[in-house]
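J.: Below are the structure tokens for one structure; questions will follow.
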Amino acid sequence: MGLPKETHEELYTKMVQCREFEEKAAKLFIQGKVHGTAHFCIGEEATGIGVSSALEVEDYILQTHRGHNQGIGKNMDINRMMAEFLGKETGYCKGKGGCMHIADFSVGSLGANGVVGGGLPIATGAAFSQKYKKSDNITVCYFGDGASNEGAFHESLNLAAAWKLPVLFVCTNNLYGMSTSVKKSMAISDISVRASGYGMKGIALDGNDVVNIYEETKKAKKYVQKNGPMLMVLNTYRWMGHSKSDAQLYRSKEEVNEWKEKCPIKRHREFLIESGMFTAEQIKAIDKSAKQDIENAVAYAEASPEPKIEDIFDDVYAD
Amino acid sequence: MRTITYAQAINEAMSEEMRKDENIVFMGEDIGVYGGAFGVSRGMFEEFGDDRVKDTPISELVITGCAAGAAMTGLRPIVEIMFSDFITLAMEQLANQAAKNRFQFGGQAAVPMVLRTPGGSGTGAAEQHSQSLEAWVCHVPGLKVVIPSTPYDAKGLLKASMLDNNPVVFIEQKLLYRSKGEVPEVEDDYIIPLGKADIKREGKDVTIVTYGRMVQRSLEVAEKFASEGVDIEVIDVRTLVPLDKECLIESAKKTGKVLVVHEACQTGGYGGELASTIVDSDAFFYLDAPVKRLGGLDVPIPYNPNLEALVVPTEEKITAAVRELL
């Protein structure tokens, strides 16, 4: 029994939007329209979109610095994401956070994080609230292979397991922590085995198979509601450099090209057409519409005002 | 008024507020049946149970982050970090997450949590259990920082901290836990607003600006000077962030002579901020002498009791510093 057609369309559309968003963002850099930095998840779209799309509004997510897909999956507003990227007042963080800190509490995103592993402890607290209030919802904590070597990973998984907190820990293993290969930074190749050290269930999935990730997240949510935390590792690959200033001297073009062949969007597109669910024309129409969404977002962002200097002290403290 | 200890005052503040608001939860190492390393939470586990008084693993980073995450999602957690030295282990979550999440998320988050932790030397606990690290947290916008010096202040300031919608670092003084003082009857609820210094002794000749354990010591010095006809004003800052600058400035204008005293190492200590607050203001034109600082020596806290006592401001050192101003 497969997913309904609408779900396939949603997953595909969000992945294309995410790809277009980031490709456009990269162009804006080249044009000198962006002041800060950004971390692109091109090639990893299926991870965040597959997981976040399987959640409800009331489920929380903690995003990473490379988490545009995680946010788009959770139905964040692309206009406000782009506005934040351009540092505008209409952005999610009023231009004060940039895309490393996009958050939308109204859809359950408790924020992206600039610190590797920084969201892990916060996730335990969000899940603690859910459990304390006897909610059925769960918290999804995104992090990467690099974060799984941080102390925060150990403390958080241990606490979540000891207290049976409803957290789904989702590790996007894209094989590199900035420039350092996982082969150099850990002695294991399957990060999901780390779960057993906490008495926790761990699974590893193909991180480029959006349909399977979506279905496994639905199952994982049920498991977490009933049993407490679980670790889900999504094995994928980062096509772009770490950030805008990465010369990528640490890996070969051949390796990158091999992974480009495994493009999650291409894979889903082929499935949708071959299965007869969508025609090539329908897919083209979705692609075109997604591209237009991003053009609209850029127009919105560019037309938005700059933050006001006199508001600089706003939100340092709550009243 | 009744007389209770500083530790009891803290326990009462937590317990009374927890009875009123079930969104308050309390977590930390050995705070449950054990009652906390300094016995501050005795009886709370029995009253509120395991759901609300949570013994945690020895994991300061995640305890702090868990509180921040819970605070961002509707609870009002209190965290106890067993010794303030161990905020070094929690610093990432405190400084990068709890302190910044409101600002960096464009005002979407509130992080109403209190991190309680005992600071200070004098117990023979040596280098890693005796520090006064308040300057570390005062340097991070988004945090509030409180250090009470009496049972009355401890109770009223802790209640204000628990009602505040921001992360508050509440640094207790381990050597004051057993000290006693007057507080109102239980039924006479009160809070002391954050950001208000307290003039613990009024005087006209010299101002001592201080906080925490050094307040009592400064008051003792002031009494001795009184017999010489020197009238010392002692200001207890109480809330380091936000700082009641006006109180300091007005006192400096009145006396024209200011000594800043704290236990923390002098270099980079909060005393620099207190002194600058005065020097940077129009009080500068009223000064009869340079503002003087007396902090702890710039050494780790040693174990030997004679050495330990001498690395922080003693009555003798405070007295000598006052004399230099006269």
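J.: Once the Cα gyration tensor of chain B is diagonalised, what are the square roots of 5 times its eigenvalues, in whole Å and ordered largest first, as equivalent ellipsoid semi-axes?
T.: Rounded to whole Å, the semi-axes are 33, 21, 19.
J.: Just tell me how shielded A:110-117 is by partners: mean number of partner chain Cβ atoms within 10 Å of each residue's Cβ, no decimals. Write down the numbers at each step before the final one.
T.: Working: counts 7, 8, 2, 4, 4, 4, 0, 3.
Mean number of neighbouring Cβ atoms from other chains: 4.
J.: Give a quick list of GluC sites (Glu not before Pro) in segment A:3-80 that DSSP marks as loop, anything other than H, G, I, E or B, with at most 13 other Cβ atoms within 10 Å. Intermediate results must be reported in sequence, preceding the final value.
T.: Numbers: sites: A:E6, A:E9, A:E10, A:E20, A:E22, A:E23, A:E44, A:E45, A:E56, A:E58; in loops: A:E44, A:E56, A:E58.
Within segment A:3-80, the qualifying GluC sites (Glu not before Pro) (loop, at most 13 other Cβ atoms within 10 Å) are A:E56, A:E58.
J.: Additional query: Within segment B:198-325, what whole-number % of the accessible surface is contributed by carbon and sulfur, with the 1.4 Å probe and all protein chains included in the calculation?
T.: In segment B:198-325, the share of accessible area belonging to carbon and sulfur is 54 percent.
J.: Quote the FRET efficiency, to the nearest 0.05, computed for A:N212 versus A:V316 with a Förster distance R0 of 51 Å and r equal to the Cβ-Cβ distance.
T.: 0.70
J.: Could I ask something else about it? Keeping all protein chains in place, calculate the accessible area per residue for segment B:198-270 (probe 1.4 angstrom), answer in Å². Could you put the intermediate results ahead of the total?
T.: Working: 2490 Å² over 73 residues.
In whole numbers, segment B:198-270 has 34 Å² accessible per residue.
J.: Another question about this same structure. Let me know the charge dipole size of the protein assembly as shown about its Cα centre in debye, to the nearest 20, where only the beta-carbon of Lys, Arg (+1) and Asp, Glu (-1) is charged.
T.: Here the protein assembly as shown has a charge dipole of around 1280 debye.
J.: How much of the DSSP bridge set in segment A:22-267 is antiparallel, in percent, rounded to the nearest 5?
T.: 10
J.: Whole Å is fine, so just give me how far the alpha carbon centre of segment B:56-121 lies from that of segment A:10-86.
T.: 28
J.: In the Gaussian network model of chain A, springs joining C-alpha atoms below 10 Å, which of A:S109, A:S189, A:S243 carries the largest mean-square fluctuation?
T.: A:S189
J.: Give the residue list of GluC sites (Glu not before Pro) in segment B:87-187 that are DSSP loop and have at most 12 other beta-carbon atoms within 10 angstrom.
T.: Those satisfying the criteria are B:E185, B:E187.
J.: Report, as an integer, the average count of C-beta atoms from other chains found within 10 Å of each Cβ along A:96-103. Mind showing how you got there, number by number?
T.: Values: counts 6, 7, 1, 0, 1, 6, 3, 7.
Shielding by partners across A:96-103 averages 4.
J.: Can you tell which of A:L234, B:M214, A:S135 lies farthest toward the positive end of the dipole of the protein assembly as shown, using +1 and -1 charges on the Cβ of basic and acidic side chains (Lys, Arg; Asp, Glu)?
T.: A:L234
J.: Each label point is 7 Å from the Cα along the Cα-to-Cβ direction; what then is the distance between the points at B:Y190 and A:S181, in nm?
T.: 6.9
J.: Quote the FRET efficiency, to the nearest 0.05, computed for B:N165 versus A:A247 with a Förster distance R0 of 51 Å and r equal to the Cβ-Cβ distance.
T.: 0.65
J.: Within segment A:250-307, which GluC sites (Glu not before Pro) sit in a loop by DSSP and count at most 11 neighbouring Cβ atoms inside 10 Å?
T.: Here the GluC sites (Glu not before Pro) that fit, given the DSSP loop and packing criteria, are A:E261.
J.: In sequence order, what are the phi-derived ³J(HN,Hα) couplings for segment B:299-315 according to the Karplus relation 6.51 cos²θ - 1.76 cosθ + 1.60 with θ = phi - 60°, rounded to whole Hz, with x for glycine and proline?
T.: Values per residue, Gly and Pro as x: 9, x, 6, x, 7, 3, x, 5, 5, 4, 5, 8, 7, 10, x, 9, 4 Hz.
J.: What does the charge dipole of segment B:198-325 about its Cα centre add up to, to the nearest 20 debye, if the Cβ of each Lys and Arg holds +1 and the Cβ of each Asp and Glu holds -1?
T.: Dipole of segment B:198-325, to the nearest 20 debye: 80 debye.
J.: Which positions within segment B:49-91 get 40 Å² or more of their accessible surface covered by the other protein chains, compared to the chain by itself, with a 1.4 angstrom probe?
T.: B:K54, B:P57, B:L61, B:V62, B:C66, B:M72, B:T73, B:L75
J.: Right, another one. With chain B treated as a Gaussian network of Cα nodes joined by springs under 10 Å, which of B:L176, B:L89, B:L274 yields the largest mean-square fluctuation?
T.: With Cα springs under 10 Å in chain B, the top fluctuation among B:L176, B:L89, B:L274 is at B:L89.
J.: Follow-up. Residue farthest toward the positive end of the dipole of segment B:106-238, with Cβ of Lys/Arg at +1 and Asp/Glu at -1: which of B:C138, B:L163, B:A109?
T.: B:A109
J.: Using a Gaussian network model of chain A whose springs link C-alpha atoms within less than 10 Å, name the residue from A:H35, A:H242, A:H101 with the highest mean-square fluctuation.
T.: So, out of A:H35, A:H242, A:H101, the one fluctuating most is A:H35.
J.: How far is it, in nm, from the label point at A:N227 to the one at A:E258 when both lie 7 Å from their Cα along the line to the Cβ?
T.: 3.3
J.: Ballpark to the nearest 100 Å², how much total accessible area do A and B bury together, probe 1.4 Å? Intermediate values should be presented prior to the final figure.
T.: Numbers: alone 15030 and 13560 Å², together 25260 Å².
Roughly 3300 Å².
J.: Pop the C-beta distance of A:D136 and B:D21 into the FRET formula with R0 = 22 Å and round what comes out to the nearest 0.05.
T.: On the way: r = 24 Å, r/R0 = 1.09.
About 0.40, to the nearest 0.05.
J.: Give me the angle, in degrees from 0 to 90, between the Cα long axis of helix B:6-20 and the longest principal axis of the Cα atoms of chain B, rounded to the nearest 10.
T.: Result, in degrees: 40.
J.: Moving on. Output the antiparallel fraction of DSSP beta bridges having both residues in segment B:198-325, as a percent to the nearest 5. Working shown, then result.
T.: Details: 3 of 15 bridges.
Close to 20 percent.
J.: Something else now. Under a crude label model (7 Å from the Cα following the beta-carbon direction), how far is A:S189 from A:Q31 in nanometres?
T.: Here the answer is 4.4 nm between the modelled labels.
J.: Give me the accessible area per residue for segment A:22-267, probe 1.4 Å, as a whole number in Å².
T.: Accessible surface, normalised per residue, equals 36 Å².
The values are calculated or read from the model by the stated rules, or taken from the named source; none is laboratory data. The structure presented is a predicted model; accordingly, all values stated were derived computationally and were not measured. Here Cβ is always computed from backbone atoms with ideal geometry, including for glycine, and neighbour counts include all displayed protein chains. When the accessible area is computed, the model is the full protein with side chains, heavy atoms only, and any ligands, DNA or RNA have been set aside. Shrake-Rupley method; radii C 1.70, N 1.55, O 1.52, S 1.80 Å.
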